[in-house]
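Before any comments, here is the structure.
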Amino acid sequence: MKFAIIEFPGSNCDHDAYHAAKHVLGQQAAFVWHKDAGLGGADAVVLPGGFSYGDYLRTGAIARFSPVMESVREFAAGGGPVIGICNGFQVLLEAGLLEGALLCNRRLKFLCQHVHVRVEQTDTPFTGAAQLGQVLSLPIAHGEGSYHAPPETLEALEANRQVIFRYCSEEGGLQDAANPNGSLAAVAGICNPERNVVGLMPHPERACESALGSEDGRVVLESVVAAVAA
């Protein structure tokens, strides 16, 4: 299969995603510049982490207007698997492909550390190879990662099983100490109602090799490879 890695001015995790897709999983991968009008025949789209457009105005606010985003919207509307990681999650929220907002971390500090997240749903292209309740060790690196949404939106996300990942303890328990940024309901990642668009703040592409401290992120990308093959 072929991954399209979207590159915005300020992206800095694009090569991480490319390496994970091509050199770790052995799949095709290609960079797609923010001014491009197409996705090059991709089977899955990755919006990587970084600081698109310098995070001016607010995170993801300018990237949503990039020409390539029209192709991403069309791809998602056709059922194509799209994942937004960290800044990519922020872009998906600003673009209206996911609901809610990401605010400053509750202690107003940039966080760069490993966290634990629990897989809440396995019926998305990015969690199909995981086990329900599986705890993954993944790194985070963000200053605006606190997920918030109006009560009615959060209730709908819960009712529709759209919360895909939650911050948790190493044992899988939900506790405030394990929620690094103060996200409501410990939300670490969500999906759209159609379940083909997923956004999460932790970085699975940075946890695909043991030398990086964890291989747990592989299950996220291996899931979409299996989903496309099926």
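The values are calculated or read from the model by the stated rules, or taken from the named source; none is laboratory data. Since we're looking at a predicted model, the values are computed, not measured. Cβ sites come from the backbone with ideal geometry, for glycine too, and all protein chains shown count toward neighbours.
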Item to check | Selection count where residues are more than 20 Å from the chain's Cα centre (by Cα) and either among the acidic types (D, E) or under 25 Å from A63 (Cα atoms) (or both), scope the stretch 21-38 | outcome: 4
Checklist entry - strands (runs of 3 or more DSSP E) wholly in the stretch 143-208 with at least 1 residues that are of a type in the set (G, A, S) and under 24 Å from G78 (Cα atoms) - which ones? => result 187-191, 197-200
Checklist outcome for this item: From the option list L157, L200, L184, single residue qualifying as surrounded by 14 or more Cβ atoms within 10 Å (Cβ to Cβ) and free of Cβ contacts under 8 Å to residues at least 40 places away in the same chain is L184
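Conditions tested, residue by residue: (1) in contact with a strand residue (DSSP E or B) (Cβ under 8 Å, 6 or more places away or on another chain); (2) exposed (fewer than 15 other Cβ atoms within 10 Å of the Cβ); (3) not aliphatic (A, V, I, L, M).
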| position | (1), (2), (3) |
| --- | --- |
| E7 | yes, no, yes |
| D14 | yes, no, yes |
| K22 | yes, no, yes |
| A30 | yes, no, no |
| P48 | yes, no, yes |
| D55 | no, no, yes |
| I62 | no, no, no |
| A77 | no, yes, no |
Checklist entry - Among the residues of the stretch 209-227, which ones are more than 27 Å from H148 (Cβ to Cβ), part of a loop (DSSP other than H, G, I, E, B) and either within 12 Å of the chain's Cα centre (by Cα) or modelled with pLDDT under 95 (or both)? => result G213
Checklist entry - Is at least one residue of the stretch 22-35 under 20 Å from P139 (Cα atoms) and in contact (Cβ under 8 Å) with a residue 12 or more places away in the chain? => result yes
Checklist entry - R64 is checked against (1) among the charged types (D, E, K, R); (2) within 14 Å of the chain's Cα centre (by Cα); (3) not in a loop (DSSP other than H, G, I, E, B) and fails just one. What number does that condition carry? => result (2)
Checklist outcome for this item: All conditions in (1) farther than 17 Å from H203 by Cα; (2) of a type outside the set (S, T, N, Q); (3) out of contact with any strand residue (DSSP E or B) (no Cβ under 6 Å at 6 or more places or on another chain) are true of D43 except (3)
Item to check | Residues satisfying the stated conditions in the stretch 91-123, i.e. farther than 26 Å from S52 by Cα and among the polar types (S, T, N, Q) | outcome: Q121, T122
Item to check | Qualifying positions in the stretch 103-142 - over 15 Å from the mean Cα position of the chain (by Cα), within 30 Å of G79 (Cβ to Cβ) and in a strand (DSSP E or B) | outcome: V135
